[in-house]
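First the structure, in the form of C-alpha cells, and then the observations on it.
Since every read-out is calculated from the coordinates, none of them should be taken as a lab result. Only a predicted model underlies this, so the values are computations on that prediction, with no experimental measurement involved. Neighbour counts run over all protein chains shown; Cβ positions are idealised from the backbone, glycine included.
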Amino acid sequence: MKKRLVFSFCSIVLVLSMILGPLACGEPVDTTTYRLTAAVTDLHESSNPFLASGRGDIRIMSRIYEPLVVGSGGAAIPRLAESWSYDDSTMSWTFNLVQDAEWSDGEPLTAADVKYTLDTQYAGDYSGGGDSKEFVDTVTVVDDNTVKITVTEYASAFLDFLNSMYIVPKHIWEDVADIDTEANLAPVGSGPWLWDEYVPQSHVAFKKNPNYWGGTVNIDEMVLEIYGSQELALLALKTGQVDMVPTVELYSYIPQLLESTDVKVGVDRAANFYNFLFVDHREEPNNLPAFRQAVSMAINRQDIIDFALFTYGSIPRMVPLVPEAIASEDVDWPGLGMTDEARIDEANAMLDADSDFSDFVEGETRTYKGDPLNIEMTIVNRPADVQQAEIIRENMAEIGINVSLKLIGFGPMMGMMFGGGWDDWTWSTAGHGAGGSTLDGLAQEFGADPYNVWYDAPSLGWGEDGDGGGTTAARALQADLRQSRREDDPATLATLIEQIQVDFAAELPIIPLSQGNTIYAYRLDTFTGWAPQEEMDGQGSSGHLLGTINILALEPIAQ
C-alpha cells in the first residue's frame, strides 16, 4: 500500500512537471508590454469621424476606423471591401465586404453599416462624402455582406473618392442625437487599434484590438507623442525616445539621422507630392495666363530643390503629376536649362509686353493699371515652406513684384482648404498629391464638376466669366477635365489627359514649384519587419509607416 502511494505521488509530480514545464525549471515567460511610439507634430481636434479634418485627426481616425478601400501606389486595394465590380448597364458598383469583419464591441460589420455611413455623410454634407456625393444616386443593402451603390454617371476615380469615408457602426451612431456636437470619446471601430486615452498637447494612446479581423497585431500599445516642432520630434527619434517619425519635413535634419546606424530614413521619390503656388484668379492680374507664366518663369526651381528641400525633390513639369505618369513631351518648365539672368530677362519681357504693366525698373515695384504689385503670400510655418517662400520673394523682386509673407500653422491651412476660407488671401503655397501616379490622378483632383475643394478653392475664379476672368482656353480645359473624370475607356482617357496636360501647362491655373519626396524615418533596434507602403485613406494619408500594412508586419525586438 505504501509503495503504491509513493508511486502515485511520483506520478503527480511527473504530470505537474510536464504541465508547468519551463515554470518548474525557472525559465522566464515574456510578459513585456510592447509599445510602438510615433512622434507627430499635428494636434488632435476631433474624435468624430464625420467631423475630423486635418492630419492630426486623420492619423487618429485611421487607427480606429477603416474605409471600403485604400489607395496605394495609385491603385485601390481592399480593406473592408474584399472585392468590387461596376455594371455599366445598371450604372452601379457592387462591393463585397470581408466575411469576418466585426466592430470592436463584438458586433458584426455589415452592409447596413456601409449604407448608414454613406447616407449620413451625404445628408450632412460632411467632408468625407464631398467627392463622391454628386455621383451617387442610391445606396442599397443587397445582403449582410453586399452593398450596391447606384451612380448618376460613371466616375473614373470613384474608388479614390470612397477612401475618404470611414465606415462607422450603425448600431452606435443611429442613436446619437446630434452628430455635429458628438464628441465620440469612446470610439467603436473596426480597425487594429482601440482608443485608450488622449492628453491634450501631449499624446494619444491606443491599445491593440485583440479581435481585429484583418490579422494579428503583434504590438500591445501605440502612442502618438505630440511634439512642438519637427526638430524635437526628430531628436526624439535619434535618441531612441520614439520608434518612428511618420513624416519628415525638416530636411536639414536628415544628415544627423543618417549618422545613426539604428535609424533608417526612407525616401519615396515616386510619391505624387507637389508643391504649388496657388493664386486667386478673382484678383487681377492673377487671372492673366501671361502673368502666371511670367511668375513661373522667374521662380528658381533649382534653388527650391537645393536650399528648401535639401535635394529631396526634383524640378517639376508643368502639370501636377509625377514624371512617370506624364504622357506629353511638351510640358517641361520653360526655364529649364536657362541661366538665371536669361530667365529673369524673359520673365520681365513677358510683363513689359503688356502695356497695363509698368516697365521694370530695378529696385522699384511695378504697377498694374496704376496700382503697385504688392502681393501677400500665405504659407505654412515650416522651415522648408518658409525657405521656399523666401526664394520666391527674392525672385519676384527681380521682376518688380513686392511679396510679403503671412505665416500660419499647418492645421489652419488645412482648415482654409477644407473649410473654403480662401477669401483673405491672394497667393498661397502648399503641397498635396494629385491622387496617385496613374493618369487618372489628374482626373481625380482637377475638375470643377462636381465641386472639389482641393482644386477650385486654390484657383478661385479660374475659368469663370466676370471680373475673375475666364478664357475660352480655360473653359475648354475645364470641359476636358470633367470628361476625363467620366471616361471609362483607358485608351481614350490616356489620349484625353495627354491633351489636358498640354493645355494645362499653357494655361497654368496653379503653378508647380517642386515635385517633392515623401520622407519618413524609423528605428531598427526596437522592431523588425518594417514594410513601409503608402496607404491613402481619410482626407489624407496614413503614410508609409502608420498604415495597417506596415503595422501588421512589425515584430517587437525583445530588450
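Observations, loosely collected:
- Summarising the amide proton neighbourhood of T378: residues at separation of 5 or more, or on other chains, whose placed amide H is nearer than 5 Å comprise K406, T426, W427, S428, T429.
- Two-site FRET efficiency, D220 against L43, from Cβ-Cβ distance with R₀ of 25 Å, rounded to 0.05: 0.45
- Alpha-carbon centroid distance for the pair the range 294-317 / the range 160-178, whole angstrom: 42 Å
- Sequence-distant residues sharing a close amide H with A155 (under 5 Å, placed H): none
- Estimated D of the range 64-178 in µm² per second, where Rh is the Kirkwood radius over Cα pairs and Stokes-Einstein applies at 20 °C, 1.002 mPa s: 150 µm²/s
- Between A473 and A397, the simple label model (points 7 Å from Cα in the Cβ direction) yields a spacing of 3.1 nm.
- About the Cα centre, charge dipole magnitude for the range 198-279 (Lys/Arg +1, Asp/Glu -1 at Cβ), debye: 180 debye
- Computed from phi, the 3J(HN,Hα) profile of the range 82-92 under the Karplus parametrisation 6.51, -1.76, 1.60 (θ = phi - 60°) reads 8, 7, 7, 8, 10, 10, 5, 5, 9, 6, 9 Hz, with x in place of Gly and Pro.
- Per-residue Cβ neighbour rank within 10 angstrom, fewest leading, W193, W84: W84, W193
- Along the range 120-128 the Karplus relation, 6.51 cos²θ - 1.76 cosθ + 1.60 evaluated at θ = phi - 60°, assigns HN-Hα couplings of 5, 4, 6, 5, x, 6, 7, 5, x Hz to successive residues, with x for each Gly and Pro.
- Among I172, I399, the order by Cβ neighbours within 10 angstrom, fewest to most, reads I172, I399.
- Full extension of the chain between V386 and T32 yields a length gain of 123.1 nm, computed as 0.36 nm times the residue separation minus the alpha carbon distance.
- Estimated FRET transfer efficiency when R0 is 51 angstrom, pair D262-S355 (beta carbons, to 0.05): 0.20
- The charge dipole of the range 64-178, taken about its Cα centre with unit charges on the Cβ atoms of Lys, Arg (+1), Asp and Glu (-1) only, comes to about 240 debye.
- Cα-only Debye scattering, the range 214-366: base-10 log of I(q)/I(0) at q = 0.19 Å⁻¹: -1.22
- Of the residues T472, T365, the one with the fewest other Cβ atoms within 10 Å heads the list, and the complete ranking is T472, T365.
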